[in-house]
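What follows is one structure encoded as structure tokens, with my remarks underneath.
The values are calculated or read from the model by the stated rules, or taken from the named source; none is laboratory data. These numbers come from a predicted model, not from an experiment. FYI the Cβ positions are ideal-geometry reconstructions off the backbone, even for glycines, and counts take in every protein chain you see.
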Amino acid sequence: MENEKKASVLDLLLRPELPDVRKVLPEKQVEVKRLTELAGEPVVFTLRALTYNETRQIQDKPREDQALSAVLYGCKDPDFRDKRLLDAEKGIVTPLDAIKARLSAGEIDEAYIEIQELSGYLRRTLAEVKNA
């Protein structure tokens, strides 16, 4: 067994079963309890991880817009870019307005936390190797 050659890290990274995380992003379904109670049936959002580029674009925004932008990028369903969510008469003229009109501040922040976790933040993703 000692003579078996251990695969290099590069060999491991080249394995076809390791996905391209720019294209295959983790997803999660979450229920928005307040909306479920109001609608009388489950209101379930599909959230997805952010790509590296999306994360950087969000980090470049003012702090007060970061959670909203993350929900915009990371909410796969519903798509807050859908023009049916806009209503100029009610002051809902941008997708960010649509998010603020439909979700409470706490719901936006909680969705942001879920999206961050899916993207590899707010948890340890690397482990120190002892005696390497």
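Answer with yes or no whether Ala39 is farther than 27 Å from Asp20 by Cβ, exposed (fewer than 10 other Cβ atoms within 10 Å of the Cβ), out of contact with any strand residue (DSSP E or B) (no Cβ under 6 Å at 6 or more places or on another chain) and aliphatic (A, V, I, L, M). Spell out the reasoning first.
Details: farther than 27 Å from Asp20 by Cβ: yes; exposed (fewer than 10 other Cβ atoms within 10 Å of the Cβ): no; out of contact with any strand residue (DSSP E or B) (no Cβ under 6 Å at 6 or more places or on another chain): yes; aliphatic (A, V, I, L, M): yes.
Taking the combined requirement at face value, the residue does not satisfy it.
Number of residues in the range 4-27 that are outside any loop (DSSP other than H, G, I, E, B) and either more than 30 Å from Cys75 (Cα to Cα) or touching a Cys at 6+ places or on another chain (Cβ under 6 Å) (or both): the value is 4. Each residue in the range 77-132 was checked for being modelled with pLDDT under 95 and surrounded by fewer than 10 Cβ atoms within 10 Å (Cβ to Cβ), and 10 of them qualify.
Can you tell me how many residues within the range 47-77 are touching a strand residue (DSSP E or B) at 6+ places or on another chain (Cβ under 7 Å) and within 20 Å of Gly106 (Cβ to Cβ)? If you could, list the steps in order and put the result at the bottom.
Let us first name the residues in the range 47-77 that are touching a strand residue (DSSP E or B) at 6+ places or on another chain (Cβ under 7 Å), namely 47-48, 74-77.
Checking which are within 20 Å of Gly106 (Cβ to Cβ) leaves us with 47, 74-75.
Qualifying residue count for the region: 3.
Against the list (1) in a loop (DSSP other than H, G, I, E, B); (2) under 23 Å from Glu117 (Cα atoms); (3) among the charged types (D, E, K, R), the condition Arg34 fails is (1). Each residue in the range 13-32 was checked for being among the hydrophobic types (A, V, I, L, M, F, W, C) and exposed (fewer than 10 other Cβ atoms within 10 Å of the Cβ), and 1 pass.
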